[in-house]
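Contents: one structure, followed by commentary.
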Amino acid sequence: MELNDSIINIKGIGEKSEKLFNKLGISTVGELLCYYPREYEIFRQIEPISGVAEGRTVIVEGSIVSKPRASRHGNLKIIECDIKDSTGLLRVVWFNMPFLMKTLHMGTKYILRGTAVNKNGILRLQQPKIISMKEYANSINKLFPIYSLTAGMTNNTILKAVKNCFDNTDFEKDILPAAIRKKYDLIMWKKAIQSIHFPKDKEECIKARKRLVFDEFFSFFTMMNRLKKERNKEKSIFEISDMYIIEEIKAVLSYTLTEGQDAAVSDIINDMESGYVMNRLIQGDVGSGKTIVAVIALALVVKNGYQGAIMVPTEVLAKQHYQSFCEVLGEFGIRIGMLIGSMTAAQKKKEYKKIEDGEIDIVVGTHALIQEKVSFKDLALVVTDEQHRFGVRQREALSSKGREPHMLVMSATPIPRTLAIILYGDLDVSVINVMPKGRLPIKNCVVGTNYRPQAYRFMEKEIAAGHQVYIICPMVEESENMEAENVTDYTNMLETTLAPSIRIKALHGKMKASLKNEIMEQFAAHEIDILVSTTVIEVGINVPNATVMMIENAERFGLAQLHQLRGRVGRGDSQSYCIFMAGNPSKETMKRLRVLEDSNDGFFVAKQDLKLRGPGDFFGIRQSGELDFALADIYQDAEIMKMANEAAKECEISLKDCNYGKKIVI
Ligand SMILES: Nc1ncnc2c1ncn2[C@@H]1O[C@H](COP(=O)(O)OP(=O)(O)OP(=O)(O)O)[C@@H](O)[C@H]1O
């Protein structure tokens, strides 16, 4: 098989499983081989039952001492029993495996491998695997890859497919010349793919990861260098000379711009006046006020006779921006339009025509903006918000709709300056490093789940004072595989726990875009008091009246992501609060989360996180989807990133070759 072949050629993959793989974004052999494990479990030795602690995956050996009981909870079929060794007793639970009633016998000894969970104060081993003595002897101290799954798929399905695929694929090509591999101490690609999926030990896994992370950065920089070459110091055809609108906008704002905002605006003016195409990144912490800078830049091109566009990652955000743009710019006769996926075909068509005829000056939109049918009359400025969600490709796609328009990228990712220069090498950088005046720093606390009743009383008090609350849960609905709070059950529970006058709604990514928009609009209009949500609200949402955020299972998120989340509060003049609820209050978890208690500064948080985890700690939680790398983490892999940057300058390789039969990550 070749890397570009369809996965249907792999032994064991039929039409049905092909669809499941497609759901995971895998349709070619190359994509499957590059579908790396999410984490690894180390198969350890049998442990005494007395040492089993919440949250740990353990292997225990014990005899069944209570007759296995079968019961039902809704659709869930449950089997429970107790096992015992010489040190203690442990409850064991299986879901939807009714056939086990025939396998489990009183008095018989079993080796079980599973995760210990605390359910209503009782420690239990949940959904453990029953392991034979032979399997145990063969597996001890080995690393087991764990893949992200979709409903209907098991870890084993992926593992088997990868194995078949690996054994039958033509692999001999390696994009990196031997000299580069030698210089940066990198193993062959084939070996790296083998070891990332089937590592003999941790050391082998680390070497494999280094090579694959290197490749991701290397492809990224190769692409970026090409863009840089194409764009470098291009003359701009747009004449921007009338600056009057800037003072006019400043005069109608209810606040004065901060020093950082003013400096960013000056940078933009200088760029546009320079006669060259602007390629600028505005970097500022969450809530530092990047939007108004974009508003001013867009108004500037419009008042000089051109059009502008701003692309944001979600529909909710597009609507929010559309409204605030209309509010600020409406009175200056600037016409704002919107293009989002959930609009009807007829609505879109009408908007396309207006954009083409120049009846719309600024378009706010999502990916819908880069559709082929969209064509501008005279596009002079493209703004992309939260660029790590888009990547360089989409940015370029939007730009190609104009004749080399100016480009402004906005990012709230706290990247140290040295890394920003490498990662955004094709852009000039303006940093907004001060918060608007009058902001009270968010008060943070890290607590265990026993604090919940107090937290609810506190929320009730804040709601009575006219404020609003976000509660974040990691999951949408209950899952057998993961013990974490979910939005659906949590919302139901809150409705019965809190005062009936409190208006509570759920929000999550599985909802239709139009419903999400509707709920967000209700929340913004204060028709909802508590929004129970997944991390869909992470990006850019601005409801200054929300003053409390509580994050359930905070341990499941990276610190940078938690920082982004808490940035949804503290956006107005009132005191705001963030409660980080740790579902697994181990010492390490608490230590990591306490970084957020210590500071509200995103740069500080990112730096501390790095320090705590240390390089090479790839069993930890990834920060967030920065630039959508599959494996690489810009914080943890900063050293590899620097090497790949150097290497990409040293050797030019065609982009097609960087591809390995999978989508390029940028
Ligand atoms: N100079 C200022 N003084 C007071 N308030 C400001 C100032 N600049 C912006 N704001 C307000 O601060 C809030 C946050 O601004 P904005 O939404 O632009 O933040 P952001 O930098 O885009 O944050 P995020 O990265 O979280 O999206 C808005 O309500 C905005 O009106």
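The values are calculated or read from the model by the stated rules, or taken from the named source; none is laboratory data. Given the structure is predicted, the values throughout are model-derived calculations rather than measurements. Don't worry about glycine lacking a Cβ; one is built from the backbone with ideal geometry, like all the others, and counts go over all protein chains shown. Each accessible area value is taken on the protein alone, full model and side chains, heavy atoms only, with ligands, DNA and RNA left out. Shrake-Rupley method; radii C 1.70, N 1.55, O 1.52, S 1.80 Å.
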_Subset of the stretch 522-571 (residues that are of a type in the set (S, T, Y) and open to solvent by 10 Å² or more (accessible area, probe 1.4 Å))_ = T534, T535
_Looking at the stretch 561-581 only, could you name the residues that are touching a Lys or Arg at 6+ places or on another chain (Cβ under 7 Å) and within 10 Å of the ligand (Cβ to nearest atom)?_
G570
*Taking the condition assigned by TED's automatic domain parsing to the domain that holds K160 and open to solvent by 20 Å² or more (accessible area, probe 1.4 Å), does D85 pass?*
no
*Restricting attention to the stretch 559-586, which residues are closer than 26 Å to I634 by Cβ and small (G, A, S)?*
A560, G567, G570, A582
*How many of the residues making up the stretch 21-60 are without any contact (Cβ under 8 Å) to a residue 60 or more places away in the chain, buried (at least 18 other Cβ atoms within 10 Å of the Cβ) and touching a strand residue (DSSP E or B) at 6+ places or on another chain (Cβ under 6 Å)?*
1
*Yes/no for K67 being more than 40 Å from the chain's Cα centre (by Cα), without any contact (Cβ under 8 Å) to a residue 12 or more places away in the chain and open to solvent by 70 Å² or more (accessible area, probe 1.4 Å)*: no
*Selection from the stretch 265-293 of residues that are of a type outside the set (A, V, I, L, M) and away from the ligand (no atom under 12 Å from the Cβ)*: S266, D267, N270, D271, E273, S274, G275, Y276, N279, R280
_Going residue by residue through the stretch 524-533, is there one that turns out to be away from the ligand (no atom under 16 Å from the Cβ), out of contact with any Gly (no Cβ under 8 Å at 6 or more places or on another chain), hydroxyl-bearing (S, T, Y) and not in a helix (DSSP H, G or I)?_
no
*Are any of the residues in the stretch 247-264 open to solvent by 10 Å² or more (accessible area, probe 1.4 Å), away from the ligand (no atom under 16 Å from the Cβ) and over 30 Å from I519 (Cβ atoms)?*
yes
*asked:* Residue pairs, Cβ under 8 Å, 6 or more apart or interchain, first in the stretch 101-129 and β-branched (V, I, T), second modelled with pLDDT under 85 and not in a loop (DSSP other than H, G, I, E, B). List them.
replied: T115/T57
*Across the stretch 403-418, what is the number of residues that are open to solvent by less than 10 Å² (accessible area, probe 1.4 Å) and more than 15 Å from the ligand (Cβ to nearest atom)?*
3
*Any idea which residue in the stretch 534-560 is nearest to the ligand (Cβ to nearest atom), counting only those that are of a type in the set (S, T, Y) and not in a helix (DSSP H, G or I)?*
T547
*Can you pull out the residues in the stretch 70-82 that are under 38 Å from the mean Cα position of the chain (by Cα), touching a residue at least 12 places away in the same chain (Cβ under 8 Å) and open to solvent by less than 70 Å² (accessible area, probe 1.4 Å)?*
L76, I78, I79, E80
*For E234, are the conditions met, namely being away from the ligand (no atom under 14 Å from the Cβ), in contact with a helix residue (DSSP H, G or I) (Cβ under 6 Å, 6 or more places away or on another chain) and farther than 30 Å from M188 by Cβ?*
no
*Take the stretch 32-58 and flag every residue that is in a loop (DSSP other than H, G, I, E, B), at pLDDT 85 or above and under 19 Å from S148 (Cα atoms).*
C34, Y35, Y36, P37
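Could you check the stretch 345-462 for strands (runs of 3 or more DSSP E) lying wholly inside it with 1 or more residues that are at pLDDT 90 or above and farther than 27 Å from G308 by Cα? So that I can check it myself, show each step before the final result.
Working: elements: 362-365, 379-385, 406-411, 428-432, 443-448.
Answer list for the stretch 345-462: 443-448.
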*Among the numbered conditions (1) surrounded by fewer than 23 Cβ atoms within 10 Å (Cβ to Cβ); (2) modelled with pLDDT under 90, tell me where D285 comes up short.*
(1)
*In the stretch 421-466, how many are closer than 20 Å to F580 by Cβ, within 16 Å of the ligand (Cβ to nearest atom) and either free of Cβ contacts under 8 Å to residues at least 12 places away in the same chain or surrounded by fewer than 15 Cβ atoms within 10 Å (Cβ to Cβ) (or both)?*
2
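Yes/no per residue for (1) open to solvent by less than 70 Å² (accessible area, probe 1.4 Å); (2) farther than 25 Å from I245 by Cα; (3) free of Cβ contacts under 8 Å to residues at least 60 places away in the same chain; (4) of a type outside the set (D, E):
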{"position": "I334", "(1), (2), (3), (4)": "yes, no, yes, yes"}
{"position": "G337", "(1), (2), (3), (4)": "yes, no, yes, yes"}
{"position": "G341", "(1), (2), (3), (4)": "yes, yes, no, yes"}
{"position": "K350", "(1), (2), (3), (4)": "no, yes, yes, yes"}
{"position": "I355", "(1), (2), (3), (4)": "yes, no, yes, yes"}
{"position": "E359", "(1), (2), (3), (4)": "no, no, yes, no"}
{"position": "V363", "(1), (2), (3), (4)": "yes, no, yes, yes"}
{"position": "A368", "(1), (2), (3), (4)": "yes, yes, yes, yes"}
_Against the definition (open to solvent by less than 40 Å² (accessible area, probe 1.4 Å), at pLDDT below 90, more than 30 Å from L427 (Cα to Cα) and not β-branched (V, I, T)), how does D174 come out, yes or no?_
yes
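Limited to the stretch 483-507, what total is found for residues that are farther than 28 Å from G114 by Cβ and either in contact with a helix residue (DSSP H, G or I) (Cβ under 7 Å, 6 or more places away or on another chain) or in the same structural domain as K119 (by TED's automatic domain parsing) (or both)? Show your work before the answer.
In the first step, residues of the stretch 483-507 are kept if they are farther than 28 Å from G114 by Cβ; the result is 491, 494-507.
Keeping just the survivors that are either in contact with a helix residue (DSSP H, G or I) (Cβ under 7 Å, 6 or more places away or on another chain) or in the same structural domain as K119 (by TED's automatic domain parsing) (or both) gives 497-499, 502, 504-507.
Residues in the stretch 483-507 being farther than 28 Å from G114 by Cβ and either in contact with a helix residue (DSSP H, G or I) (Cβ under 7 Å, 6 or more places away or on another chain) or in the same structural domain as K119 (by TED's automatic domain parsing) (or both): 8 in total.
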_Is it the case, given these coordinates, that L298 is within 33 Å of the chain's Cα centre (by Cα) and surrounded by fewer than 23 Cβ atoms within 10 Å (Cβ to Cβ)?_
no
_Kindly evaluate T150 against the criterion of being touching a Leu at 6+ places or on another chain (Cβ under 9 Å) and at pLDDT below 90._
yes
